[in-house]
Amino acid sequence: MQEEQPQEAAEEPAPSAAASECDPGALSSDSQNLSDVDAFKILLEMKMKKRQKQPSLPGTVTELVTEEGSKVYVVGTAHFSDDSKRDVVKTIQEVQPDVVVVELCQYRVSMLKMDEKTLLKEAKEINLEKLQQAVKQNGVMSGLMQMLLLKVSAHITEQLGMAPGGEFREAFKEASKVPFCKFHLGDRPIPVTFKRAIAALSFWQKVKLAWGLCFLSDPISKDDVEKCKQKDLLEQMMAEMIGEFPDLHRTIVSERDIYLTYMLRQAAKRLELPRASEAEPRKSIPSVVVGVVGMGHVPGIEKNWSTDLNIQEIMSVPPPSISSKVSRSRQAGSWAGF
């Protein structure tokens, strides 16, 4: 049984631009002799002044509080929505977070820095090279399933002329403008999700699901996307296709709800303030976190927020089930009879 550890916080956008933008003369010629601790305190104070005590937040934001008093603002988004991008920007500007967490893993982090035109082209192009790469990385069945899900995303992309992940790119850009704001990747690694999903299905269930994904072609309008802001469009389409496979829904949706909840709680640890010397007592303050996730994950995050979570259990990749092995054996026999 293989296990993959939860990924560490990914990137921390440099605060230099935000510091110069928010620091009108505080770092004057007289302040060049400031210690790092004093400089940090000045910038933190400016950040606190910009942070709204009673923020005016979009209706797509859910506020959660940790036992330590940290606040987490979860922005529920539709992955192909301009409104969602605006919701993310407004939320980050209002609450001036210490950490921003997005529903991405290290295997999809490249979309944060690619321009919209390149992403649009990449999303529409599903070729043999991508298939080979997916199979090499995840195995035959998991690789094929990943490519079929990419096909779903590409179908939406082609219909709307809009690249996926716009809300995550906006979150990345806005986080870079906030002093001392860290940027975390909060989703479970794709290979783990796909391998666990494949292991949960029998051979014939895999065939049936793949068949449904292959023939997805219903037209989608921008109005359809906005109507789906209460349940993310891509996840709604997936839910319709996997509804008869509860084990698949558990691995693709419910387990990721748990993982996202865990990562949000990890990000919401109290913020430790720097000390001028080792003799100075340690001090910490509650932190503020913004989470950017698909709307479909918000109810699960709320449900799991106050429960004990076993993250290692959903990071392991189980061996194929007995029923799956039997199905493969029968299928091999049926092909041999031809």
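The values are calculated or read from the model by the stated rules, or taken from the named source; none is laboratory data. The structure displayed is predicted, hence computed values, not measured ones. Backbone-built Cβ (ideal geometry, glycine too); neighbour counts: all protein chains shown. Please note that ligands, DNA and RNA were not included when accessible areas were found on the heavy atoms of the full protein model with its side chains. Shrake-Rupley method; radii C 1.70, N 1.55, O 1.52, S 1.80 Å.
Past 26 Å, Cα to Cα, is the threshold; run LYS49/LYS117; LYS173/LYS283; LYS136/LYS173; LYS85/LYS113; LYS49/LYS303 against it and keep the listed order.
Beyond 26 Å: LYS49/LYS117; LYS173/LYS283; LYS136/LYS173; LYS49/LYS303.
Using protein chains only and a probe of 1.4 angstrom, how many square angstrom of PHE203 are accessible, to the nearest 10?
Spelled out: PHE203, probe radius 1.4 Å, area about 50 Å².
Solvent-accessible area of LEU57, probe 1.4 Å, all protein chains present, reported in Å² to the nearest ten, please.
Counting only protein heavy atoms, the figure is 50 Å².
Where the accessible area of the range 253-303 is counted over protein heavy atoms with a 1.4 Å probe, how much of it, in %, is carbon and sulfur?
52 percent
Might you work out the accessible area of ASP36 for me, using a 1.4 Å probe with all protein chains in place, and round it to the nearest 10 Å²?
130 Å²
Under a crude label model (7 Å from the Cα following the beta-carbon direction), how far is GLN312 from LEU271 in nanometres?
Taking the two extended label points, one gets 3.3 nm.
What do you reckon, how do MET315, MET114 stack up by accessible area (1.4 Å probe), largest on top?
Heavy-atom accessible area, descending, gives MET114, MET315.
Going from most exposed to least, what order do ILE190, ILE92 have by accessible area with a 1.4 Å probe?
Sorted descending by solvent-accessible area, the residues read ILE190, ILE92.
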